[in-house]
Amino acid sequence: MGSAGSVVLVTGVSRDLGRKFARSVAADPAVDRVIGVDVVPPRGDLGDVSFVRADIRNPVIAKVIAKEDVDTVVHMSVISTPGSAGGRNSMKELNVIGTMQLLAACQKAPGLRNLVVKSTTTMYGASSRDPAMFTEDMEPRRAPRSGYAKDVAEIEGYVRGFARRRSDVRVATIRAANVIGPYVSSPITSYFRLPVIPTVLGFDARLQFLHEQDLLEVLRQAVTRDVAGTFNVAGDGILMLSQAVRRLQRPTVPMPGILVGNLGSVLRSARLADFSPEQLAFLTYGRGVDTTRMREVLGFEPSYSTAEAFADFASTLTPTGGRADRALAGVERQLTTSPAVLSGGDHG
Amino acid sequence: MGDAEIIPIGTRGRPGRGTGKQPSSAARGLAGGSKPAKPRAATRKARPAPEPAAVEEPVETVEVPEVPEVVEAAERPPVTTVDRGPLAGIPAADWLSAFQHAALEVFGDQWEPQLARFLAFLRRRVTGDYAVDEYGFDQEITERFFMAALRPIAERWFRIEVRGIENIPTEGGALVVSNHSGTVPVDGLMTMVSVHDQTGRFLRPLGADLVFRLPVVSALARKSGATLACTEDAERMLSGGELVGVWPEGFKGIGKPYSERYKLQRFGRGGFVSAALRTGVPIVPLSVVGAEEIYPLVGNVPSLARLLGVPYIPITPLFPLLGPLGLVPLPSKWLLEFGEPIRTDEYDRGAADDPMLVFNVTDQVRETIQQTLYSLLMKRESVFR
């Protein structure tokens, strides 16, 4: 809604993406005022955003919405890792109960016009029976039973219920693919930051990434444009896991899936990486989402393709492998500079 | 080691049985002019012998590749050789020429640019600098590796003969529907190679759930262009203008006993027809003759199959009797015939939701394939020719 005097409430501003989004939407001329809400104060600079310390799991949030005359709510307080929330229980409470409370408050706010929810493609799950590309109308092949994927599925269920009850509110759900970028800290980025990357033997997952700037941009467009519905958002193209790791020039250790799971729990207790079961399924089977609706209805075009987003992320990492490439480059150099004096030992 | 153990080896070119004793008179007679010499023994040592006096004759260190015919051993002067490392003494020029010959052998006359291209290819693979499509299809590795590996099998082993290739449209989506046989889905691979070699198009197979559940197989399947046989993927590929291959008999087809060869099984639920109807692409029936005989399925171990979660455990006349050797397919002669395309764009919208029509078209495709199979079998001289 581009009307002047638009007041946007953003939840989950204590975390990096929420804070960045609040700042970027505050810079939008169509937006008058941005209120950031979270239980803990943000670590970085909030700029023009006014911060209100409130817990969305608490009815106080209704008072904030009413008092500040909020007409747009952007729900970004869905966390994917139990680590930052201090355990799976509090993660679930924050995600599911927080959303319920927020939506209950929204339902009672007569001035509310728009609701934008940041969801994720994790809700499609990952299995061997998946179609190659999920469209927004498809359901996961197997209903998620635990973890983040289940939280997201429940959250989307509540959002759909809200949309039915308040048909005057425009509801846009953004299902973002794995967000990646030089400063993003998420299960998938901490996985790729491991010096030696464990992979599942015999499987090669298809991956899609969304650059963090594209996520901020698509959420901003969802706030300012008059579009409703659910949208898959991902960068163009696909990277295979093996290909991504080769581009990072990091060595891999292929091992059976069960072992990767065990290693994952060790890594989790060492706080090196987070390997939830759904993450393991994702790294085994991968997932692709169809972004036709994003282009045609939402009118959004990501500025980074999957490969470009990954390259931007990879530029901040130092390669720990890449010996094969260096050896081949050496052979190639020798061949091109002096083809007549081929030295011994070449085995191209 | 002053007194080395003396081991007599061979007869040193003289008649006799190598016992070190005087040859028998018969042997002496056979040997012609050679005089009987007093018994000698060869010592075989890695190092030069320390004391020639310790043994009563010249010591030879025997170097296997350079051993000449030791006929006149008695006249030879004492020889010592110096032990060398396995690589140290080979001059660089030899390496170079060996390498050049190898390169010439592998890449032909234009080996230098070829080798450079090959290296560039290797580097692209190692650094991940290649593209895959949304189904995970890796065109480069499929063309340069999978196809290249399968082509000799198709051309030399099965001597595949393709008929009616003009029935495959040169562009746009089309659905190739084929019979399925042969215990192991080799027919799918061979069809992929044949279609690519004859038309330059890639046949994108639709694979069963099991394919994508198995490690290694699933990764290879995705890389070579396969995707899961589900309505969503089939319609997506067809509307994307791909040439899609489907084997509607599934495991009922490849896992049927040899006695039921060339009898088409039920064609699933006709999902492939409704996908073609929805996307309006032609259906090209394909009949494959020859695949039934590669692994004649004579038995099955249902209990083990259930335990492993696979549709069947095949027993063929050679497997598991001969172990891994039993995995070599029998070299039957293959015939592939692509039939007239069945147009689906003439039906009106909503035809895909008319079950009667879908069943009719399914039957039409099935009948076409079955009749072509019979006529091909008549034309074939024998299984192996």
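Some notes on this structure:
- Residue count for region A:307-326, restricted to those that are at the interface with chain B (Cβ under 9 Å from one of its Cβ atoms) and part of a helix (DSSP H, G or I): 3
- Considering residues of region B:104-115 that are surrounded by 12 or more Cβ atoms within 10 Å (Cβ to Cβ) and farther than 18 Å from residue B:144 by Cα only, the residue farthest from the other protein chains (Cβ to nearest Cβ): B:104
- Residues (free of Cβ contacts under 8 Å to residues at least 40 places away in the same chain, of a type in the set (A, V, I, L, M, F, W, C) and in contact with a strand residue (DSSP E or B) (Cβ under 9 Å, 6 or more places away or on another chain)) located in region B:130-155: B:131
One line per residue, one yes/no per condition, for (1) of a type in the set (Asp, Glu); (2) over 20 Å from residue A:238 (Cα atoms); (3) touching a Phe, Trp or Tyr at 6+ places or on another chain (Cβ under 7 Å):
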{"position": "A:118", "(1), (2), (3)": "no, yes, no"}
{"position": "A:124", "(1), (2), (3)": "no, no, yes"}
{"position": "A:133", "(1), (2), (3)": "no, no, no"}
{"position": "A:149", "(1), (2), (3)": "no, yes, no"}
{"position": "A:159", "(1), (2), (3)": "no, yes, no"}
{"position": "A:182", "(1), (2), (3)": "no, no, yes"}
{"position": "A:186", "(1), (2), (3)": "no, no, no"}
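- Screening the candidates B:322, B:330, B:308 for the property of being surrounded by fewer than 19 Cβ atoms within 10 Å (Cβ to Cβ), within 25 Å of residue B:152 (Cα to Cα) and modelled with pLDDT under 90 yields one hit, B:322.
- Residues in region A:126-161 that are away from every other protein chain (no Cβ under 14 Å), in contact with a strand residue (DSSP E or B) (Cβ under 9 Å, 6 or more places away or on another chain), buried (at least 22 other Cβ atoms within 10 Å of the Cβ) and not aliphatic (A, V, I, L, M): A:148 alone.
- Residue count for region A:291-306, restricted to those that are within 13 Å of chain B (Cβ to nearest Cβ), part of a helix (DSSP H, G or I) and over 13 Å from residue A:244 (Cβ atoms): 1
- Residue A:209 vs. criteria buried (at least 22 other Cβ atoms within 10 Å of the Cβ), touching a Ser or Thr at 6+ places or on another chain (Cβ under 6 Å) and not basic (Lys, Arg): yes
- Checking residue A:33 against (1) in contact with a strand residue (DSSP E or B) (Cβ under 6 Å, 6 or more places away or on another chain); (2) buried (at least 17 other Cβ atoms within 10 Å of the Cβ), the condition it does not meet: (2)
- Condition check for residue B:208: within 29 Å of residue B:351 (Cα to Cα), surrounded by fewer than 20 Cβ atoms within 10 Å (Cβ to Cβ) and either out of contact with any Pro (no Cβ under 7 Å at 6 or more places or on another chain) or among the aromatic types (Phe, Trp, Tyr) (or both): yes
- Selection of region B:209-233 for residues being on the phi < 0 side of the Ramachandran plot, within 7 Å of chain A (Cβ to nearest Cβ), free of Cβ contacts under 8 Å to residues at least 40 places away in the same chain and within 24 Å of the chain's Cα centre (by Cα) yields B:212, B:213, B:215, B:218, B:219.
- Of the listed requirements (1) out of contact with any strand residue (DSSP E or B) (no Cβ under 6 Å at 6 or more places or on another chain); (2) outside any loop (DSSP other than H, G, I, E, B); (3) touching a residue at least 60 places away in the same chain (Cβ under 8 Å), residue A:260 misses just one: (1).
- Residues of region A:224-236 classified as within 11 Å of another protein chain (Cβ to nearest Cβ) and surrounded by fewer than 19 Cβ atoms within 10 Å (Cβ to Cβ), total: 1
The values are calculated or read from the model by the stated rules, or taken from the named source; none is laboratory data. Note that the structure is a prediction, hence the values are computed from the model and not measured. Note that each Cβ is placed from the backbone with ideal geometry, even for glycine, and that neighbours are counted across all protein chains shown.
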